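The values are calculated or read from the model by the stated rules, or taken from the named source; none is laboratory data. All values derive from a computational prediction rather than experimental measurement. Heads up, the Cβs are rebuilt from the backbone with ideal geometry, glycines too, and the neighbour counts pull from every protein chain shown.
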Amino acid sequence: MSNAQAPATLPIIIQLSKLDVQIATLSAQKKKLETELANRKQVISGHETKRAAREKVLGEKKTLCSKEEKSVKVERDRINERRAALNTLNNYKLQQAAEREIDYVAKQIGQREDLLLGLMREIENLEKEVSDVTAVIEGLAGEYSALEKESSETIKGLDEQLSSLNKERTEHASHLTGQPILLAYNRIRDRFPSNPVVEVMNKDSCAGCFMKLGPQVVVQVSRQDVVKCPGCGRILRLSAE
Ligand SMILES: [Zn+2]
């Protein structure tokens, strides 16, 4: 077994780079869908938090309102009884004094009733707000579940493609197992996921960073050596033509 029979390194790197670019593209598509779903979920949960806060205030106002309503009713009944009892007083002065007192208390009750009406209006507004937010949440939740359904199909397809690409990649990479070039390539791939391997452009420049390459570099590339661009560090290859 001589080294000559081992597969040439550059074609493997080129093959790996083609697979990696596809993997990166599909992974980005998948991530975009997942991010979109997560963002929408967050928007919905923001509305839910808002609704919960409104519902809490609403509950408190309702409790206060019903308590006040009962108490005002009791006061109102009492004053009505006293008014009915007025003509049983045969002393005119006493009657006058009692009437003044009743009027005073009735006025106070009237003020409390006005406040109560205000409270009722507040409750009405809060109820409207809660129901508006609920409508928004329902609309968004409907859109979310439709998108989730659609996305889960797409993500499933992407996962299948990714798994077969990764399998293929593992196979190709196995030819370079333990070789420093594989680690070096992986680092370049992480830095330039969309084009870790670039062509020599116009026979003398790097198509990635447009730096002019020396003749020595071009000769090495022509020999199918694995050469990095001195400018950007991407691996160079001859153009396909
Ligand atoms: Zn370059």
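Structure data summary
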{"quantity": "Selection status of Glu148, surrounded by 12 or more Cβ atoms within 10 Å (Cβ to Cβ), away from the ligand (no atom under 16 Å from the Cβ) and under 39 Å from the mean Cα position of the chain (by Cα)", "calculated": "yes"}
{"quantity": "Some residue of the range 79-90 being outside any helix (DSSP H, G or I) and either surrounded by 14 or more Cβ atoms within 10 Å (Cβ to Cβ) or free of Cβ contacts under 8 Å to residues at least 24 places away in the same chain (or both)", "calculated": "yes"}
{"quantity": "Filter pass, Leu140 being in contact (Cβ under 8 Å) with a residue 40 or more places away in the chain, under 30 Å from Leu33 (Cα atoms) and surrounded by 10 or more Cβ atoms within 10 Å (Cβ to Cβ)", "calculated": "yes"}
{"quantity": "Count of residues meeting criterion [within 14 Å of the ligand (Cβ to nearest atom) and not basic (Lys, Arg)] in the range 182-193", "calculated": "2"}
{"quantity": "Residue satisfying condition, being closer than 30 Å to Val226 by Cα, more than 16 Å from the ligand (Cβ to nearest atom), at pLDDT 95 or above and not aromatic (Phe, Trp, Tyr), within set Glu138, Glu143, Glu171, Glu127", "calculated": "Glu171"}
{"quantity": "The lone exception for Leu158 - which of (1) in contact (Cβ under 8 Å) with a residue 12 or more places away in the chain; (2) within 16 Å of the ligand (Cβ to nearest atom) it fails", "calculated": "(2)"}
{"quantity": "Pair list, Cβ under 8 Å, 6 or more apart: the range 183-208 residue hydrophobic (A, V, I, L, M, F, W, C), other residue within 15 Å of the ligand (Cβ to nearest atom) and in a helix (DSSP H, G or I)", "calculated": "Val197/Ser17; Val200/Val218; Val200/Val221"}
{"quantity": "Filter result (under 20 Å from Ala173 (Cβ atoms), part of a strand (DSSP E or B) and not β-branched (Val, Ile, Thr)) within the range 184-235", "calculated": "Lys228"}
{"quantity": "Residue satisfying condition, being more than 36 Å from the chain's Cα centre (by Cα) and at pLDDT 95 or above, within set Leu162, Leu182", "calculated": "Leu182"}
{"quantity": "All positions within the range 17-42 that are aliphatic (A, V, I, L, M) and either free of Cβ contacts under 8 Å to residues at least 24 places away in the same chain or not in a helix (DSSP H, G or I) (or both)", "calculated": "Ala28, Ala38"}
{"quantity": "Thr154 modelled with pLDDT of 95 or more, within 20 Å of the chain's Cα centre (by Cα) and assigned by TED's automatic domain parsing to the domain that holds Cys65", "calculated": "yes"}
{"quantity": "Qualifying residue in the range 61-68 (condition: assigned by TED's automatic domain parsing to the domain that holds Arg169 and in contact (Cβ under 8 Å) with a residue 60 or more places away in the chain)", "calculated": "yes"}
{"quantity": "Scope the range 198-241; condition more than 8 Å from the ligand (Cβ to nearest atom), within 15 Å of Thr9 (Cβ to Cβ) and crowded, with 18+ Cβ neighbours inside 10 Å; matching residues", "calculated": "Val221, Val226, Val227, Ile235, Arg237"}
{"quantity": "Qualifying residues in the range 168-182 (those that are β-branched (Val, Ile, Thr) and free of Cβ contacts under 8 Å to residues at least 12 places away in the same chain) - the one surrounded by the fewest Cβ atoms within 10 Å (Cβ to Cβ)", "calculated": "Thr177"}
